[in-house]
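To start, the structure itself, in structure tokens.
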Amino acid sequence: MLHEFRDLISSLKGKDAHFDKLFDQHNQLDEKIKNAENGTIFLSDTEISKLKKEKLILKDQLNEYLSNYKKES
């Protein structure tokens, strides 16, 4: 995820509450999707699809946030 921002992500973790919230939500969704796809938890295909859309929205928000942060630096 967002490999081009790896260094910036490392520097923001624990220092930027808004970033931490987005990043944590994205990771939680990612974990839930993986668990559903490997059968650890049961979710319908519709529920998994909804989670994937939410995850994509968060990824877009993170990308925009990091891009703007980088421009301001």
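The values are calculated or read from the model by the stated rules, or taken from the named source; none is laboratory data. Bear in mind the structure is a predicted one, so any value in this text is a computation, not a measurement. Please note: Cβ atoms are built from the backbone with ideal geometry, for glycine as well, and neighbour counts cover all protein chains shown. Side chains are part of the model used for accessible areas, which takes the heavy atoms of the whole protein and leaves out ligands, DNA and RNA. Shrake-Rupley method; radii C 1.70, N 1.55, O 1.52, S 1.80 Å.
Tabulated data
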item	result
Residue satisfying all of: in region 33-46; outside any loop (DSSP other than H, G, I, E, B) and open to solvent by less than 90 Å² (accessible area, probe 1.4 Å); nearest to residue 2 (Cα to Cα) among these	33
Candidate set: region 17-32, residues that are of a type in the set (A, V, I, L, M) and closer than 17 Å to residue 64 by Cα; chosen: the one least open to solvent (accessible area, probe 1.4 Å)	22
Unmet criterion (only one of (1) in a helix (DSSP H, G or I); (2) of a type in the set (Gly, Ala, Ser); (3) exposed (fewer than 10 other Cβ atoms within 10 Å of the Cβ)) for residue 14	(1)
Flag if residue 20 is free of Cβ contacts under 8 Å to residues at least 24 places away in the same chain, closer than 17 Å to residue 2 by Cα and in contact with a Lys or Arg (Cβ under 8 Å, 6 or more places away or on another chain)	yes
Of all residues making up region 14-43, the number that are among the basic types (Lys, Arg) and under 13 Å from the mean Cα position of the chain (by Cα)	2
Some residue of region 58-67 being over 19 Å from residue 3 (Cα atoms) and either modelled with pLDDT of 95 or more or surrounded by 12 or more Cβ atoms within 10 Å (Cβ to Cβ) (or both)	no
